[in-house]
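Heads up: the structure comes next, in structure tokens.
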Amino acid sequence: MLTLHLPVAAAALCLTVHAQQSPALQSCSEIRDAGTLHLVSGVLVPPNSAPEFLPGLVSEGVIYDNTCDLYAYIPLLSGNSLIDEGRVPSTTSPAPNTGTLNKYRVTKFQIAYCTRTASPAFGGTGAAVTVKFYDSYAACTPSSANPPPVATFALTGLPALNGDLACYTVTIDLTGGAEFYLSADGNGVFDGAGDLFGFSYELPGEPIVTSYPGGPVGAGDLTPPGACGAGTATYYNTPGAPQGTGLGNADFCYAEGTNPGQPNNMCRVFGFGLHSGLQMKIYGDLADCNGNAMPDALDISSGGSLDTNSNGVPDECECLNVGASYCTAGVSNNSCSPVVSGSGSPSASAASGYVVTCSGMDGLRPSGMFYGLGAAANPINAGGGGTSFYCTTSPRQRLITPMPNTGGTAGACDGAISVDLNTWLSTHPSGLGSPFGAGQTLYVQAFNRDNGNPSKGLVFSGGLAVTLCP
């Protein structure tokens, strides 16, 4: 159980500043940690029964933390909501708040609220809190003036007591299908304007009582006694800190709604020199194995990366790609149609381990293998009856010299040649396309001599696109 105390100044109504109006901060001297609600399964796990960071997400981290000095809550009538702002940093955000991603996959978030609803044990249905997240938000403006929310969570049956005021923190675990994406700095780039995201609280069904109703808990404190720096307690700034003040969070929020029982549709400030916003802690999956500043999960779901073994890791990071066939093979005078394939793991740094083989070649013929830096499908004397294509762009680099013999049997299609591409790359540091690096694609093709063939006396295989792993 977490016990917190309300500063004396916060117990009174805050000052009105110009067109802005202040909410009444009410004491929440005792805040209970209710644990973690797994949204997909609906199971509430008690506190300290699960690790803070998910075991399956070794790169999960806190991307926004506004939890410093939870000391009071803002009463909120049913039908009304409060919208607050913050910032999650992109790779272009200035230090010390520089991110590693330009978009984040949100896996969990923590809320704090006070409620006067009753739990099922006392004949009620529990608390209800609706939380919305806005990808891009202009501070202290109505929701209608901003793009629609990227995620809305209508949480019901949340912890409550017997109808007396009770306050809780609850972590909402989204893994298993409820995750969503939040752009860093509003649009993926820090420009000093329009860099904020928004989040809102609404407590639908909060009972009307003679005293104050429940509402979201306030948090964030840049000055003593809290003195939590902006952006701290996150993966990018002081990750070991116990709590932080939200990056980009200001000392106001926007109140909107239809319940006339309290001021609405205006910017409301906290005042009295107390920096405060709405409590929110957001976790994200930071996995970015290919270093493109986008979550690996997004690379896979968007089709930018393959995940052939469905383990959530892009194939280019696991060296699972054995090459992709493309382009059409020619046919020799003996009706042989050579096929090029790969086995192993193509690598920009390994000394061996990826063999490219061309099989189905004419037996006992001179042959060769080469690569280019681009794919092509250019006919070779098609007008004269040629059936082969150049499947790579020029220039081209030979992989085997002098020309090897295909072996096999004369007149049969049992010839073959092969080369370990990793070995060739590691022993030819000045080869075409060097220096070789992960993610680079080479386009490989083979051929054998076929006297009288309209394709310049040769028959060519199709192409093999080989993307190098680290």
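Key figures
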{"read-out": "Share, in percent, of DSSP beta bridges within the stretch 2-286 that are antiparallel, nearest 5", "value": "90"}
{"read-out": "Computed FRET value (nearest 0.05) for VAL43 with ALA121, which takes r as the C-beta separation and R₀ as 25 Å", "value": "0.90"}
{"read-out": "Rel. contact order, % - alpha carbon contacts under 8 angstrom, at least six apart, the chain", "value": "16"}
{"read-out": "The chain, helix-only ellipticity at 222 nm - DSSP H runs n ≥ 4, -39,500 (n - 2.57), divided by all residues, nearest 500", "value": "-500 deg cm²/dmol"}
{"read-out": "Residues ASP33, ASP195, sorted so that the one with the fewest Cβ neighbours within 10 Å comes first", "value": "ASP33, ASP195"}
{"read-out": "Size of electric dipole in the stretch 319-467: Cβ of Lys, Arg +1 and of Asp, Glu -1, about Cα centre, debye, nearest 20", "value": "240"}
{"read-out": "Residue order, fewest to most surrounding Cβ atoms within 10 angstrom, among PHE460, PHE436, PHE389", "value": "PHE436, PHE389, PHE460"}
{"read-out": "Zone of SER343's modelled label, taken as backbone nitrogen in the stretch 349-370 under 15 Å from a point 7 Å along Cα→Cβ", "value": "353-360"}
{"read-out": "Within the chain: Cβ-based charge dipole about Cα centre, in debye rounded to nearest 20 (Lys, Arg +1; Asp, Glu -1)", "value": "980"}
{"read-out": "Mean-position separation - Cα centroids, the stretch 174-248 and the stretch 355-370, in angstrom", "value": "62"}
{"read-out": "Shape of the stretch 319-467, Cα gyration tensor, a/c cut at 1.5", "value": "prolate"}
{"read-out": "Prolate/oblate/rounded label for the stretch 363-437 (Cα gyration tensor, a/c 1.5)", "value": "oblate"}
{"read-out": "Lysine pairs in the chain with Cα atoms under 27 Å, if 8 or more residues apart or on separate chains", "value": "5"}
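All of the numbers you see were taken from the coordinates with simple rules; none came from a lab. Because the structure is a prediction, the values reported are computed rather than measured. Here Cβ is always computed from backbone atoms with ideal geometry, including for glycine, and neighbour counts include all displayed protein chains.
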